[in-house]
Amino acid sequence: MDAAGLSWGRMVVTTDKIWQLLESVSDPEIPVLTVLDMGIVREVKSFGDGVEVVITPTYSGCPAMKSIEFSIIAELEANGIHPVKVTTVLSPSWTTDWMSEEGRKKLKVYGIAPPIPGTNAKRIEALFSEAPQPECPHCGAKNTKLVSQFGSTACKALYQCQDCKEPFDYFKCH
Amino acid sequence: MQHSGKSPDTCYLIPATNMNQSLINYTLQIADNNLILGQRLSEWCGHAPELEIDIALTNIALDLIGQSRNLYQYAAELEGKGRSEDDIAYLRDSSRYRNVLLVEQPNEDFAYTIARQFFFDVYNHLFYQELTKSKDERLAEIAEKSLKEINYHIRFSSEWMIRLGDGTKLSHEKIQTAVDDLWDFIGEMTLLNDTDREMLSNGIGVDLNKIRPLYFQKVKEILAEATLNIPVEEPFQKGGKNGIHSEFLGHLLAEMQWMQRAYPGAEW
């Protein structure tokens, strides 16, 4: 084992290199985002002769976790890293605060309004309270309206722009 | 509701002879509520009164089933016999299920579905808040994760209770009927069985006695805001947590389990 990284036979790979490789693993439900943009990769460490990647789900029922696990293994193995183990942890629980700045920009360009920090639904007493007002990712208008707290995936809410009338997804602050 | 002539304290479940088994039983008791309600809500997929509601109900189902998976995985690890989460979910008979009677009640109409969801969400929110303080680290972690999702559920169901109750004459009548009919089942959630008592004494389980007054306070507060009549508090049906279920659970399991029963170990 090299002090500077992990070694496989003649090959020496640093954890930095593995983080770099993970930049090309995308989220299957929002393909413009990488797993790093989403903030779901928590740790990369050596594991026996191989490497362990620790991930955390966005929501408990996220159906993409298995697919993400396979994609990570496939990407690293394609680059000669073997064996790869992917471990899932639940704590600390995922938050949109871990989403990268780059990821937020990419979301908006893709047509999904990025999460507005500090607007997570902590106060359950606040029934019928005002929902956060994301800018319309299509026309940029601020005049938008919540249609439903639940959208096309667990992590999104459904909105409609009151100016251009287009519906859009908002990535919920979680 | 059938009690099969047995006294409410009869237990169909295998008694726990050690601490590990008690913890497994407790984990299953929590997980089964989530799975069964998740399965019930899934029945709405493609049938809800509006597209947004269809999406909302199935999103909530997904959260609940995801939470139950985390718990079943833990139970399977504790058991250490090489069984998987799927074996536990798909290969147990109804008398081995520990969910409360409320969650297995049929969907009936949208009002019943919302009332059932509301009665459960208020409990679940209080329960998981307490479970985050459990001495069992894994249960505490699962609770912390789940709680963030339940915040959305309880707002959804509470708002719909108020909308329907304080809505039209027809919506008011329908939700009142659902409240009256389902009321019989809400007491069981905060009644302790042997597993609850043992886990509470070990600092792992939630103190349901502490939750009970908070539960009824919250439920009554929302019912009042929804301009609905509050039924009398007792007596309540119970038995689900001890494996004594209504006739509805068997039908639900038949639909949920038939594939794994017909083709054991099937994967795709």
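The values are calculated or read from the model by the stated rules, or taken from the named source; none is laboratory data. Remember, predicted model here, so these are calculated numbers, not experimental data. Cβ atoms come from the backbone with ideal geometry, glycine included; neighbour counts cover every protein chain shown.
Here are the numbers:
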| item | result |
| --- | --- |
| Condition broken by B:Arg83, with the remaining ones in (1) under 25 Å from B:Leu23 (Cβ atoms); (2) in a helix (DSSP H, G or I) satisfied | (2) |
| Condition met for A:Ser71 (of a type outside the set (Val, Ile, Thr) and within 23 Å of A:Pro117 (Cβ to Cβ)) | no |
| Scan of the stretch B:243-268 for residues that are assigned to a helix (DSSP H, G or I), farther than 17 Å from B:Leu91 by Cα and out of contact with any Asp or Glu (no Cβ under 9 Å at 6 or more places or on another chain), ordered by number | B:Glu247 |
| Residue match in the stretch A:79-93 (condition: surrounded by fewer than 18 Cβ atoms within 10 Å (Cβ to Cβ), farther than 24 Å from B:Ser146 by Cβ, touching a helix residue (DSSP H, G or I) at 6+ places or on another chain (Cβ under 7 Å) and assigned by TED's automatic domain parsing to the domain that holds A:Ile18) | yes |
| Unique match (being part of a loop (DSSP other than H, G, I, E, B) and farther than 15 Å from A:Arg104 by Cα) among A:Lys145, A:Lys165 | A:Lys165 |
| From the options B:Leu191, B:Leu170, B:Leu214, residue that is aliphatic (A, V, I, L, M), without any contact (Cβ under 8 Å) to a residue 60 or more places away in the chain, under 18 Å from B:Glu233 (Cβ atoms) and surrounded by fewer than 17 Cβ atoms within 10 Å (Cβ to Cβ) | B:Leu191 |
| Answer from A:Pro63, A:Pro31 - the residue that is out of contact with any helix residue (DSSP H, G or I) (no Cβ under 6 Å at 6 or more places or on another chain), within 28 Å of A:Ser152 (Cα to Cα) and modelled with pLDDT under 90 | A:Pro63 |
| Residue within the stretch A:124-139 that is exposed (fewer than 13 other Cβ atoms within 10 Å of the Cβ), farther than 15 Å from A:Asp27 by Cβ and aromatic (Phe, Trp, Tyr) present | yes |
| Test result for B:Ala61, surrounded by 23 or more Cβ atoms within 10 Å (Cβ to Cβ), in a helix (DSSP H, G or I), modelled with pLDDT of 95 or more and small (Gly, Ala, Ser) | no |
| Residue check, B:Asp109 acidic (Asp, Glu) and out of contact with any helix residue (DSSP H, G or I) (no Cβ under 6 Å at 6 or more places or on another chain) | yes |
| Residues that are surrounded by fewer than 24 Cβ atoms within 10 Å (Cβ to Cβ) and of a type in the set (Val, Ile, Thr), drawn from the stretch B:114-147 | B:Thr132 |
| Any hit, the stretch B:123-146, residues being among the polar types (S, T, N, Q), over 26 Å from B:Thr58 (Cα atoms) and more than 13 Å from chain A (Cβ to nearest Cβ) | no |
| Those strands (runs of 3 or more DSSP E) lying entirely in the stretch A:1-120 with at least 1 residues within 18 Å of the chain's Cα centre (by Cα) and free of Cβ contacts under 8 Å to residues at least 60 places away in the same chain | A:41-47, A:50-55, A:84-88 |
| Extreme residue, farthest from the chain's Cα centre (by Cα), among residues of the stretch A:142-159 that are closer than 19 Å to A:Glu130 by Cβ and exposed (fewer than 15 other Cβ atoms within 10 Å of the Cβ) | A:Asn143 |
| Test set (1) among the aliphatic types (A, V, I, L, M); (2) touching a Gly at 6+ places or on another chain (Cβ under 7 Å); (3) within 14 Å of chain B (Cβ to nearest Cβ) - A:Ile55 fails condition number | (2) |
| Residue check, A:Ile55 under 26 Å from A:Pro134 (Cβ atoms) and not assigned by TED's automatic domain parsing to the domain that holds A:Cys136 | no |
| Qualifying residue in the stretch B:40-58 (condition: closer than 23 Å to B:Ala266 by Cβ, under 13 Å from the mean Cα position of the chain (by Cα), assigned to a loop (DSSP other than H, G, I, E, B) and modelled with pLDDT of 95 or more) | no |
| Filter result for B:Arg197 (basic (Lys, Arg), away from chain A (no Cβ under 14 Å), over 17 Å from the mean Cα position of the chain (by Cα) and under 22 Å from B:Asn99 (Cβ atoms)) | yes |
| Yes/no for B:Tyr97 being away from every other protein chain (no Cβ under 13 Å) and surrounded by 24 or more Cβ atoms within 10 Å (Cβ to Cβ) | yes |
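A quick yes/no check of all residues on (1) without any contact (Cβ under 8 Å) to a residue 40 or more places away in the chain; (2) surrounded by 17 or more Cβ atoms within 10 Å (Cβ to Cβ):
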| site | (1), (2) |
| --- | --- |
| B:Pro231 | no, no |
| B:Gly239 | no, yes |
| B:Gln260 | no, no |
| B:Tyr263 | yes, no |
